[in-house]
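Okay, so here's the structure we're looking at.
Every number in this text was worked out from the coordinates using simple rules, so none of it is lab data. Keep in mind the model is a prediction, meaning the values are calculated, not measured. So basically every Cβ, Gly included, is an ideal-geometry build from the backbone, and we count neighbours across all protein chains shown.
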Amino acid sequence: MYFHFHFDDQGIELLSALFKRTAIEEMQHVERIADRILYLKGDVIMEANAKVQQIRDIPGMLEWATNSETAAIKMYNQFALECGANADTATKKLFEDLVMDEERHFGQYDDEVDNIERFGESYLAQQAMERSKAKTGPAGGGA
Ligand SMILES: [Fe+2]
Ligand SMILES: [Fe+2]
């Protein structure tokens with residue numbers, strides 16, 4: 001969400017939307033895991049895993065995002081294996097579903113890393129220009 005706020009502030013529309021959409025999906029992951037924990041008669045401890053990293057450079061934000069997804073993929077794959085070993089098919093399926101989502105997130109961020117490498121600053125500039133155009137309306141039409 002921190003990255004989404006900054007992309008939005010800088011007018012980087014596409015990346016802002018991608019980070020926002022992904023953050024919402026991550027919140028849904030929390031809900032799905034919490035639901036399963038409560039079904040299993042556990043309790044949910046709502047604590048932040050880590051402090052928000054105040055990274056503001058765009059390659060740095062994408063690097064953080066791809067690293068986070070990679071770590072999540074590894075962790076949920078491990079959890080799915082452990083659930084399988086303990087004959088808990090439903091929780092295994094939950095973690096397998098999460099792996100699918102995290103791999104998709106990784107792919108989306110990785111595509112953006114590639115786009116920035118290929119097109120450089122102009123790729124970001126174009127997004128900011130599209131935002132300005134959308135805000136001010138068609139050329140010559142503004143009052
Ligand atoms: Fe997630
Ligand atoms: Fe993710």
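Hey, can you tell me all the residues within the stretch 19-36 that are in contact (Cβ under 8 Å) with a residue 24 or more places away in the chain and more than 14 Å from residue 2 (Cβ to Cβ)? Within the stretch 19-36, 25, 29, 32, 33, 36 meet the criteria.
Residues of the stretch 5-29 that are under 17 Å from residue 112 (Cβ atoms), within 15 Å of ligand 1 (Cβ to nearest atom) and not acidic (Asp, Glu): 18, 19, 20, 21, 22, 23.
Checked against (1) touching a residue at least 40 places away in the same chain (Cβ under 8 Å); (2) within 16 Å of ligand 1 (Cβ to nearest atom); (3) not polar (S, T, N, Q); (4) not in a helix (DSSP H, G or I), residue 50 passes all but a single condition, namely (1). Looking at the stretch 97-106, is at least one residue of a type in the set (Phe, Trp, Tyr), within 15 Å of ligand 1 (Cβ to nearest atom) and over 16 Å from residue 18 (Cα atoms)? The answer is no; no qualifying residue exists. Checked against the criteria, residue 71 does not count as farther than 24 Å from residue 120 by Cβ, in a loop (DSSP other than H, G, I, E, B) and of a type in the set (Gly, Ala, Ser).
With respect to the conditions (1) crowded, with 16+ Cβ neighbours inside 10 Å; (2) within 16 Å of ligand 1 (Cβ to nearest atom); (3) within 16 Å of the chain's Cα centre (by Cα), residue 64 falls short on a single one, namely (1). Per the conditions (1) part of a loop (DSSP other than H, G, I, E, B); (2) among the charged types (D, E, K, R); (3) without any contact (Cβ under 8 Å) to a residue 40 or more places away in the chain; (4) on the phi < 0 side of the Ramachandran plot, the sole criterion not satisfied by residue 82 is (1). Only residues that are touching a residue at least 12 places away in the same chain (Cβ under 8 Å), of a type in the set (A, V, I, L, M) and either closer than 30 Å to residue 58 by Cβ or more than 16 Å from ligand 1 (Cβ to nearest atom) (or both): list them for the stretch 85-96, please. Matches in the stretch 85-96: 90 only.
Filtered by the rule that a residue be more than 23 Å from residue 131 (Cβ to Cβ) and of a type in the set (S, T, N, Q), the stretch 15-30 gives a lone residue, 28.
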